[in-house]
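Single-structure report; data block below.
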Amino acid sequence: MSRFRLHPTPAQQAVLRDHCGHARYIWNLAVEQHAHWHPGRKGAPGYLEQCRQLTAVRAEYPWLAAGSQTVQQQALRDFAQAMTAFFDPTNPAGRPSWRKAGRDEGFRIVGRGRQWDVRRVSRKVGLVWVPKAGWVRFRWSRAVPPGVKSYRVTMDRAGRWHVAFAVSPGPVPAPGNGQAVGIDRGLAVSAALSTGEMLHCPALTARERTRLRRMQRQLARAERGSNRRGRVRHAIARLKARETDRRKDWAEKVSTDIARRFDLIRVEDLQIKNMTRSARGTRDDPGRNVRAKAGLNRGILRSGWGLLVRRLQDKAPGRVEKVRPAFTSQRCPACGQVDRDSRESQAVFRCTACGFACHEDVNAAINIAAGHPTHLPIPLHSRGGFRDAGPVNREPQLLASLAGRG
Ligand SMILES: [Zn+2]
């Protein structure tokens, strides 16, 4: 997805807002239809049936008929795709929900050549054709990828318009080097690779965060409905939009890089939602960084982990494996010992048996790369060792499996 800043004239903005409104209206109708469905009833209407219904609705409501049919039909297609994502167990997407004015503003246009086209008019200016709005200027900040078939126009909460041309992200070819990489998510380090690399998802700078907190206090004090309140809200939204942009850019770059370098990509299988709810873990497998997480639940989302995994799955289909996230922090990748005490500190792993040491997150990533935890023998407890962090459980087969993969 490559996104460009769109600069519609005031008259064009009015048309774009109408498109957004229509798309939202149709989307919400679809949400409602599916909300009324219960097990036992006849199935909720699918995409094709909904398109037939749309034609009927347009015949009845002139204000909808005055809008773009493409916009409205694509809203139904977006909804159908969102339902598919919702039913896909590997996708963390939730059930498609109600869209609100001012918050979820956007529409999609397909059919290049018939419905739309794009061209460059000067070094920094491009034009994109939007049905009923005509040629709309956008900032030509980089090349529009060849072969784009559709685009999506959005307005963020800060009132900025963007156009994103959809390049179905042709999967990145595997390098064919037989190498596997493990990626561990974290807060201090957004992603640690088993190669030892530590990646940080850019967030707001300390200065920007200070500014954000100050504005949030101002907002709390500002009178409801006042101009001042509107201005502060706008400024807060801009700052948050900036953070989102950075996170998206980061996930794009990192996912492409990893998909290019490794044949097999292993990540922890975790539900972001569960993780944000509780970082404590269980008694036998306590979560890592518990204290840091408790106060920074939102930080997990901020770190862009979920986005990164989704983009990896897009770019390396069939090459991303999810690994059970148990014990990845307590196992020594060199000798296979599992011991809670090897976690010397928040940042350091030092094996109590063989002395192997590395960064705690990298250690976890190496274990994830080995894919070992999925095969963790369950009866550890019956041997009595783990629960009390007493005797040592050795699992020499890990070394063999690491060597085999090397
Ligand atoms: Zn060891």
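Pick out, from S226, V254, A203, the residue whose Cα sits farthest towards the positive end of the charge dipole of segment 203-272, with +1 on the Cβ of Lys and Arg and -1 on the Cβ of Asp and Glu.
Ranked along the dipole, the leading option is S226.
So how much slack lies between K132 and A66, counting 0.36 nm per residue of separation and subtracting their Cα-Cα distance, in nm?
On the way: separation 66, 0.36 × 66 = 23.76 nm, distance 0.97 nm.
Result for the pair: 22.8 nm of gain on full extension.
Pulled fully out, how much extra length does the chain show between E208 and R77, if you take 0.36 nm times their separation in residues and subtract their Cα-Cα distance? Write out the running numbers ahead of the final one.
Values: separation 131, 0.36 × 131 = 47.16 nm, distance 3.81 nm.
Between E208 and R77, full extension yields 43.4 nm more.
Which of rounded, prolate, oblate describes segment 126-275, given a ≥ b ≥ c as roots of the alpha-carbon gyration tensor eigenvalues and a/c under 1.5 marking rounded, otherwise prolate only if a/b is larger than b/c? Don't skip to the answer; put the middle values down first.
Details: a/c = 2.95, a/b = 1.29, b/c = 2.28.
Verdict is oblate for segment 126-275.
Please compute the modelled spin-label separation between W98 and K240, points set 7 Å along Cα→Cβ, answer in nm with one decimal.
1.8
Check V136: other-chain or 5+ apart residues with amide H under 5 Å from its amide H, H built from backbone geometry?
HN-HN under 5 Å from V136: V128, W129, V130.
Quick one: what are the phi-derived ³J(HN,Hα) couplings along segment 146-161, Karplus 6.51/-1.76/1.60 with θ = phi - 60°, whole Hz, x for glycine and proline?
Per residue, the Karplus-derived 3J(HN,Hα) values read x, x, 6, 10, 8, 8, 10, 9, 9, 10, 7, 5, 7, x, 8, 9 Hz.
What list of ³J(HN,Hα) couplings, whole Hz, do you get for segment 121-126 from phi and the Karplus terms 6.51, -1.76, 1.60, once you set θ to phi - 60° and write x for glycine and proline?
Once rounded to whole Hz, the list reads 10, 8, 4, 10, 10, x.
Quick note: the coordinates plus some simple rules give every number you see, no bench work behind them. Because the structure is a prediction, the values reported are computed rather than measured. In this analysis, Cβ positions are derived from the backbone assuming ideal geometry, glycine residues included, and neighbour counts consider all displayed protein chains.
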